[in-house]
Amino acid sequence: MSKSRYPDNWEEIAKERKEAVGWKCQKCGIQCLKPEDNRSKLTISEIKRRTLAVHHANYQPEDNRPENLIPLCSPCHLSYHTRRKGSVSIGQLSLFDYIEANHF
Ligand SMILES: [Zn+2]
Ligand SMILES: [Zn+2]
């Protein structure tokens, strides 16, 4: 795991970026879940779909300039990492879990 490549305050940096864009995916524009949003009526798939992650545009986690940090929903984020075009099935989100783990 490469968690050490992230700064100590990564979660803070990521949260700031998410707040700056109103918790919206910068690719497809979907409104993602805020920490305070009620998830009790949502399925796990919906929660995954609408979880915003902060992607490093140049794939370098050490580079935390604002222009390198792009908030993306799970399917869009996954598509950046798999470099596949088109739709992403929920089943593929298990790969996303791995990516997510490396992003935080
Ligand atoms: Zn998206
Ligand atoms: Zn990423």
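The values are calculated or read from the model by the stated rules, or taken from the named source; none is laboratory data. Note that the structure is predicted; figures quoted are calculated from it, not measured. Quick reminder, even Gly has a Cβ in these numbers, built from the backbone with ideal geometry, and neighbours come from all protein chains shown. Remember, those area values only see protein heavy atoms, side chains included, never the ligands or the DNA or RNA. Shrake-Rupley method; radii C 1.70, N 1.55, O 1.52, S 1.80 Å.
Points worth noting:
- Filter result (in contact with a helix residue (DSSP H, G or I) (Cβ under 8 Å, 6 or more places away or on another chain) and closer than 20 Å to Gly22 by Cα) within the range 38-54: Arg39, Lys48, Arg49, Arg50, Thr51, Leu52, Ala53, Val54
- Within the range 15-27, considering residues that are open to solvent by less than 70 Å² (accessible area, probe 1.4 Å) and in contact with a Pro (Cβ under 8 Å, 6 or more places away or on another chain), the one farthest from ligand 1 (Cβ to nearest atom): Arg17
- Residue in the range 6-49 that is nearest to Ile70 (Cα to Cα), counting only those that are part of a loop (DSSP other than H, G, I, E, B) and within 16 Å of ligand 2 (Cβ to nearest atom): Gln26
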